[in-house]
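*Asks:* Next up is a structure, given as structure tokens.
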Amino acid sequence: MNPGDVMVAPYGPPPRVRRFFGWRSLMDVIVIMACVAALSAGALAIGTRLFEYETFIVRTGSMAPAMPAGSVAVAEPVAPITLKEGDIITYRRPVAPPVTITHRIVYLRINEDPKNPAPLIRTQGDANGVPDPWQIELYGVAWRVVFWVPWLGYVFDMAHEPAGQVGLVLVPGTLLTGYLVVGAWRIWRRARREQASAMSQASGAGTRWPGGPS
């Protein structure tokens, strides 16, 4: 290149400013959450048939904020004498046996009578100011909560309804299909843009300003 020659920058689209959060990121989050919720619900539902644990839906906020209403508590079967204060258990409410309650043990006394080894237990919800107004004796098998998944109970409730069962399949499937289609379109558009930019650079290389020295 001789002194005085001026290269003309190839014409092309201006550089794009990358946004860290936008509708694309929001779509990613929605698709991931929908798929995770559906897969988690399916895994827990199938797991109860294969492993020795049970799932219970927490209907109230008495264990909030750690275990909000709508959580699914996963409990393992244990001998009642192995329980200790601080454990979270699920049991049938004495005043309404069909209803289960998931609360923390705040008082436990072992029965010293070998003929009646059931421990005497009192529970309380973490969000409640006072213990539950009853004491219970646990016989046979107790259900101790080992972990829980917040808000997954709403998905479980949907799974018990025909429309909900269809929605649990169609919604994640539709979102995932749309996500894949949009992703493929992004890749195609990016390839076309790069191809156009390369052709523009090739055609504009070596161009001099009019009237410049040769």
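Quick note: the coordinates plus some simple rules give every number you see, no bench work behind them. Values in this document were obtained by computation on a predicted structure and should not be read as measured data. Positions of Cβ are generated from backbone atoms using ideal geometry, with glycine treated the same way; all protein chains shown enter the neighbour counts.
*Asks:* Need one number: convex hull volume per residue for segment 52-160, Cα atoms only, in Å³.
*Replies:* 105
*Asks:* How much length would be gained if the chain were fully extended between Ala184 and Asp113, taking 0.36 nm per residue of separation minus their Cα-Cα distance, in nm to one decimal?
*Replies:* Values: separation 71, 0.36 × 71 = 25.56 nm, distance 7.03 nm.
Gain on extension, Ala184 to Asp113, equals 18.5 nm.
*Asks:* With a sphere of radius 15 Å drawn around the Cβ of Ser62, what net charge do the other residues whose Cβ falls strictly inside it have (Lys, Arg +1; Asp, Glu -1)?
*Replies:* Details: positive: Arg59, Arg93, Arg104, Arg122; negative: Asp126, Asp132.
Neighbourhood net charge equals +2.
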